[in-house]
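Only one structure is covered here, and it is reproduced in the block below.
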Protein chains: 2
Amino acid sequence: MTEEQTDIAPEPESEDEDAYVLSPRTISSILYAVEVNDRSRLVELLEPLHPADIADLLEQLNAFDRMRLIRLYGNEFDGEILTELDEGIREEVIGILNPKVLADAVRELDSDDVVDLLEDLEDPQRDAILDVLDDPDRIAVEQSLTYPEYSAGRLMQREVVMAPEHWNVGEAIDYMRNNDDLPSQFYHIILVDPRLKPVGKVALGKIMSSRRSVRLQDIADESFHVIPVTRYEGDVAYAFNQYHLISAPVVDENDRLVGVITIDDAMMVLDEEHAEDMLRLAGVGEESSLSDTVMETTRQRFPWLAVNLVTAVLASLVIAQFETAIAQITALAVLMPIVASMGGNAGTQALTVAVRALATRDLTGSNALRVIRREIAVGLVNGAAFAVIMGIVGLVWFGSLDLGLVIAAAMVINLVVAGLAGIGIPIVLEKAGVDPALASGAFVTTVTDVVGFFAFLGLAVVVLL
Amino acid sequence: MTEEQTDIAPEPESEDEDAYVLSPRTISSILYAVEVNDRSRLVELLEPLHPADIADLLEQLNAFDRMRLIRLYGNEFDGEILTELDEGIREEVIGILNPKVLADAVRELDSDDVVDLLEDLEDPQRDAILDVLDDPDRIAVEQSLTYPEYSAGRLMQREVVMAPEHWNVGEAIDYMRNNDDLPSQFYHIILVDPRLKPVGKVALGKIMSSRRSVRLQDIADESFHVIPVTRYEGDVAYAFNQYHLISAPVVDENDRLVGVITIDDAMMVLDEEHAEDMLRLAGVGEESSLSDTVMETTRQRFPWLAVNLVTAVLASLVIAQFETAIAQITALAVLMPIVASMGGNAGTQALTVAVRALATRDLTGSNALRVIRREIAVGLVNGAAFAVIMGIVGLVWFGSLDLGLVIAAAMVINLVVAGLAGIGIPIVLEKAGVDPALASGAFVTTVTDVVGFFAFLGLAVVVLL
């Protein structure tokens, strides 16, 4: 069977790691063109690049080179570059662009991209951009901005291709041929009833491969999802990923069609949500970016470090209760960080699994109890294994069987508590409406530190003194 | 301006959190139907559900209920449910399904879904499934399995809609109307030269809105990305996200078109890659799932805990060098975990930012030095802030200015080292071809523990004794 064939097949190319990164040589050439003020060379070098790559390049330059590049690039600057830039840098770049170039750049964009651009700008910059738009575009953008931040309404594009539910393929094709104002990207026609309520969608591929007389209803997709305009964008991304949607109609509170969301926007949101979860778990501001300044970065990280300081001091207060014991048996000071550290790691493992499972809706009321029981059992098994190992280490290192037994017992206790806290705390926070990724880390580490030190030092006092 | 409007706009609905989760009541009804062996009720309850939701439901049940549900559901069981199941459970479910039901389920699937299904199965199950396929499908699947695991070749579907580059819109539409074998989902027509090399792609929407006489070349997409068949799937997902691709042609080593990848597959890969990064960072096996057994989970987590034990013992060896000092000043034992803990947290912050930036290709050779400098500066600033705070705590708590100065100095040193290790270690690992998410955590914590204890206790010996 193919098992063998698979084994001898070549590994995916190792150079792939850099497949989508600008080569250092290209970057040097670009910087050199900027250095010597060679505009035609700069344009020649940037011309083949995708706006997303030019945005990445700008993010990687220091502020001075960035300014010089943008000034030299002049009116070649494309609106799409702006939408691809990190928020922090975007504001800076808009400030550098000369107003005429900015106006041209923005006018090229779709309304949902303009919305994306405006969301994070301060009022004066926002007004300046709105002013350059034509009336219909400006009204569309202003309308979108009335929807809550991070809602489907902000994400959707307002240009929708729709058809009455009773049309056939021929009518749909004629309509599209005669419509000059179709959106640049669309993959389905939304079927609507007379009150503009979406009742189905038809894939363009189906229309292309059907005779003109076929009714659109008869080739509509089997599964059909409608998204309320106020739905949180993270839930929208989840639905696209879960149901393999390519596009989905968005409706207002009266079930009327108001826009459409396509999978590329949903993919972007999914990516952002993941990054946020990961950064929040590590106690880093979720909006952090590599181009932030030292002071911005410091300010993002300080709060979590401050929280950690409080929990660390709490743990120290526990240790302080056992100062006499430590003075008599200094081995306790040597070994106690091991118990706390193992608990912290086991807790983080359970916590990360729980946060991920909550985000993917895999951890729900119906299996929470079973998963909690599993975590406790895992804590017991791993606790027992490391109890044996540490018991032997304690015995061999310090020549005391009792000390070995004490650290072994503390290890079991702390790993069980770590499993329980790691899974239980995020579940409780989620129930309370707090993002489990944001707050769980601090709680879990506090629990494992305090329990770890208390169990080890407390048992030591009972057994050894 | 709209700023005010935004502020008064309603928040995204709060019930959204559960928007895509099966209600506990539905789950109870389903379980009850299984309990009382009511097949028609079970079918009625499952019928409106998407296969992805049924798969989630199966994952949340315990093994006994799962088996009873599948047996009762019988030949209603849909092949798509299999492709949506977690790998661990999938094998179990395939074992439960009766061979005829399994054969029907598999025959419904597209070839790329069958490949996805077979990848993780053991040989006997694999052969059983291959046997039920028709010859052309079986050959297509076996061919796909010859591509390396996690390559574009495994991800792509082999059904491609292509057209000679010289065709016009009318010819393309006629071809599609007369072709009974079009894939169920497609969004572009790939233009190929006579040697089957892809030279462009045309969005279906563009074809629909153009006159029959328009040449396909003239309405082809501006940006066009071709993916080598051996490219790593994570890089494919990156390209889709970076360049907002909807579909992209896949070519073999002779640049001939062999398949096409669509964004929904890329989105799934992106989601998996994220989960892997997150779970690896926490030292959890990246294939872990909520439905794993206690022993599987224990086995996944044990290795990282073992690594952590070694690093914790290393840190203890550092402490052991200062046993005499600790016996004289027990305050050292009380305060030392604070320095180590703060360093560990600051290191994890820098590490997470670095791992994320490496994954998104935002951290490259051209800005690495600047980012490293920034992390050191952040360590200095946060270190100074917490030095002052801890200095005061040390002074007030233990009444010793010298002790306050010692912990303050150790704090600065450890936070600077944490920043340096947090950013430097993943960069070095990436250069060495090791996944930075996998190994960095252990290295960074070792560094911050060892440096934290050594700086604090070492300075204490010099200053206080």
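The values are calculated or read from the model by the stated rules, or taken from the named source; none is laboratory data. This is a predicted model, so every value here is computed, not measured. Neighbour counts run over all protein chains shown; Cβ positions are idealised from the backbone, glycine included.
Scan (1) assigned to a helix (DSSP H, G or I); (2) within 9 Å of chain A (Cβ to nearest Cβ); (3) surrounded by fewer than 22 Cβ atoms within 10 Å (Cβ to Cβ) for the single condition B:ALA312 breaks and write down its number.
Failed condition: (3).
Could you figure out which of (1) modelled with pLDDT under 95; (2) touching a Ser or Thr at 6+ places or on another chain (Cβ under 6 Å) isn't true of A:SER400?
Result: A:SER400 fails condition (2) only.
Inspect the range A:96-104 for any residue being modelled with pLDDT under 85, of a type outside the set (D, E, K, R), assigned by TED's automatic domain parsing to the domain that holds A:PRO51 and within 24 Å of the chain's Cα centre (by Cα) and give the result as yes or no.
Looking for residues that are modelled with pLDDT under 85, of a type outside the set (D, E, K, R), assigned by TED's automatic domain parsing to the domain that holds A:PRO51 and within 24 Å of the chain's Cα centre (by Cα), one finds none in the range A:96-104, hence no.
Taking into account only those residues within the range B:239-260 that are outside any helix (DSSP H, G or I) and within 17 Å of A:LEU245 (Cα to Cα), which is farthest from the other protein chains (Cβ to nearest Cβ)? Let's see the steps before the verdict.
Here is the first cut: in the range B:239-260, the residues outside any helix (DSSP H, G or I) are B:244-260.
This time we only want the ones that are within 17 Å of A:LEU245 (Cα to Cα), so: B:244-247.
On the way: B:HIS244: 5, B:LEU245: 8, B:ILE246: 7, B:SER247: 10 Å.
Only one residue fits best here, namely B:SER247.
On the given criteria, is B:ASP402 more than 34 Å from the chain's Cα centre (by Cα), outside the structural domain of B:GLU273 (by TED's automatic domain parsing) and of a type in the set (D, E, K, R)?
Working: more than 34 Å from the chain's Cα centre (by Cα): yes; outside the structural domain of B:GLU273 (by TED's automatic domain parsing): yes; of a type in the set (D, E, K, R): yes.
So B:ASP402 passes the test.
How about the range B:120-238: which strands (runs of 3 or more DSSP E) wholly inside it have at least 2 residues that are small (Gly, Ala, Ser) and outside the structural domain of B:GLU87 (by TED's automatic domain parsing)?
Details: elements: B:162-164, B:188-192, B:198-203.
Counting at least 2 such residues, we get B:198-203.
Of the residues A:PRO183, A:PRO99, A:PRO164, A:PRO148, which single one is out of contact with any helix residue (DSSP H, G or I) (no Cβ under 8 Å at 6 or more places or on another chain) and of a type outside the set (S, T, N, Q)? Don't jump to the end; show me each part of the working.
Details: A:PRO183 fails: out of contact with any helix residue (DSSP H, G or I) (no Cβ under 8 Å at 6 or more places or on another chain); A:PRO99 fails: out of contact with any helix residue (DSSP H, G or I) (no Cβ under 8 Å at 6 or more places or on another chain); A:PRO148 fails: out of contact with any helix residue (DSSP H, G or I) (no Cβ under 8 Å at 6 or more places or on another chain).
Result of the check over A:PRO183, A:PRO99, A:PRO164, A:PRO148: A:PRO164.
Mind checking whether some residue in the range B:414-431 is within 24 Å of the chain's Cα centre (by Cα) and of a type in the set (D, E, K, R)?
Applying the first criterion (within 24 Å of the chain's Cα centre (by Cα)) to the range B:414-431 yields B:422-431.
Now narrow it down to the ones that are of a type in the set (D, E, K, R): B:430-431.
There is at least one residue in the range B:414-431 that is within 24 Å of the chain's Cα centre (by Cα) and of a type in the set (D, E, K, R).
Just need a number here: residues in the range B:352-386 that are in contact with a Gly (Cβ under 9 Å, 6 or more places away or on another chain) and farther than 24 Å from B:ASP277 by Cα.
7
In the range B:129-159, which residue that is in contact with a Pro (Cβ under 7 Å, 6 or more places away or on another chain) and more than 9 Å from every other protein chain (Cβ to nearest Cβ) is nearest to B:ARG211 (Cα to Cα)?
Going through the qualifying residues, I end up with B:GLU159.
Could you grab me the full set of residues in the range B:417-446 that are surrounded by fewer than 23 Cβ atoms within 10 Å (Cβ to Cβ), touching a Gly at 6+ places or on another chain (Cβ under 8 Å) and away from chain A (no Cβ under 11 Å)?
Listed by number, the list holds a single entry, B:LEU420.
Just for the range A:130-168: of the residues that are surrounded by 17 or more Cβ atoms within 10 Å (Cβ to Cβ) and hydroxyl-bearing (Ser, Thr, Tyr), which one is nearest to the chain's Cα centre (by Cα)?
A:TYR150
May I ask you to say which residue of B:LEU290, B:LEU270 is touching a Leu at 6+ places or on another chain (Cβ under 9 Å), in a loop (DSSP other than H, G, I, E, B), at the interface with chain A (Cβ under 9 Å from one of its Cβ atoms) and under 30 Å from A:GLY441 (Cβ atoms)?
Working: B:LEU270 fails: in a loop (DSSP other than H, G, I, E, B).
Only one candidate qualifies: B:LEU290.
Can you tell which of B:GLU276, B:GLU233, B:GLU222, B:GLU253 is within 13 Å of the chain's Cα centre (by Cα) and surrounded by fewer than 23 Cβ atoms within 10 Å (Cβ to Cβ)?
One residue alone meets the criteria, B:GLU276.
As an exercise: evaluate A:PRO124 against (1) over 18 Å from A:GLU87 (Cβ atoms); (2) surrounded by fewer than 17 Cβ atoms within 10 Å (Cβ to Cβ); (3) of a type outside the set (S, T, N, Q); (4) out of contact with any helix residue (DSSP H, G or I) (no Cβ under 8 Å at 6 or more places or on another chain) and give the number of the one condition it does not meet.
(1)
Among the residues of the range A:345-355 satisfying the criterion of being within 8 Å of chain B (Cβ to nearest Cβ) and not β-branched (Val, Ile, Thr), which is surrounded by the fewest Cβ atoms within 10 Å (Cβ to Cβ)?
Looking at residues that are within 8 Å of chain B (Cβ to nearest Cβ) and not β-branched (Val, Ile, Thr), I get A:ASN345.
So, A:LEU380, is that one surrounded by fewer than 20 Cβ atoms within 10 Å (Cβ to Cβ) and modelled with pLDDT of 95 or more or not?
Values: surrounded by fewer than 20 Cβ atoms within 10 Å (Cβ to Cβ): yes; modelled with pLDDT of 95 or more: yes.
When the stated conditions are applied, A:LEU380 passes them.
Mind checking whether some residue in the range A:377-388 is β-branched (Val, Ile, Thr), free of Cβ contacts under 8 Å to residues at least 12 places away in the same chain, more than 14 Å from A:ALA460 (Cα to Cα) and more than 9 Å from chain B (Cβ to nearest Cβ)? Please lay out each step first, then the result.
The initial filter retains those residues of the range A:377-388 that are β-branched (Val, Ile, Thr), namely A:378, A:381, A:388.
Going one step further and asking which of them are free of Cβ contacts under 8 Å to residues at least 12 places away in the same chain, we end up with A:381.
Filter once more, so that each one left must be more than 14 Å from A:ALA460 (Cα to Cα): A:381.
If we keep only those that are more than 9 Å from chain B (Cβ to nearest Cβ) as well, we get none.
Looking for residues that are β-branched (Val, Ile, Thr), free of Cβ contacts under 8 Å to residues at least 12 places away in the same chain, more than 14 Å from A:ALA460 (Cα to Cα) and more than 9 Å from chain B (Cβ to nearest Cβ), one finds none in the range A:377-388, hence no.
Hey, among the residues in the range B:315-333 that are at the interface with chain A (Cβ under 7 Å from one of its Cβ atoms) and without any contact (Cβ under 8 Å) to a residue 40 or more places away in the chain, which one's nearest to the chain's Cα centre (by Cα)? Let's see the steps before the verdict.
Residues of the range B:315-333 at the interface with chain A (Cβ under 7 Å from one of its Cβ atoms): B:315-316, B:319-320, B:323, B:326-327, B:330, B:333.
Then keep just the ones that are without any contact (Cβ under 8 Å) to a residue 40 or more places away in the chain; that gives B:316, B:320, B:323, B:327, B:330, B:333.
Working: B:SER316: 35, B:ALA320: 41, B:GLU323: 45, B:ALA327: 48, B:THR330: 46, B:ALA333: 41 Å.
For the range B:315-333, the residue satisfying everything is B:SER316.
Got a number for residues in the range A:356-367 being facing another protein chain (nearest Cβ under 8 Å) and part of a helix (DSSP H, G or I)?
Residues meeting the conditions: 2.
Given (1) loosely packed, with under 14 Cβ neighbours inside 10 Å; (2) free of Cβ contacts under 8 Å to residues at least 60 places away in the same chain, where does A:SER184 come up short, assuming only one miss?
Single failed check for A:SER184: (2).
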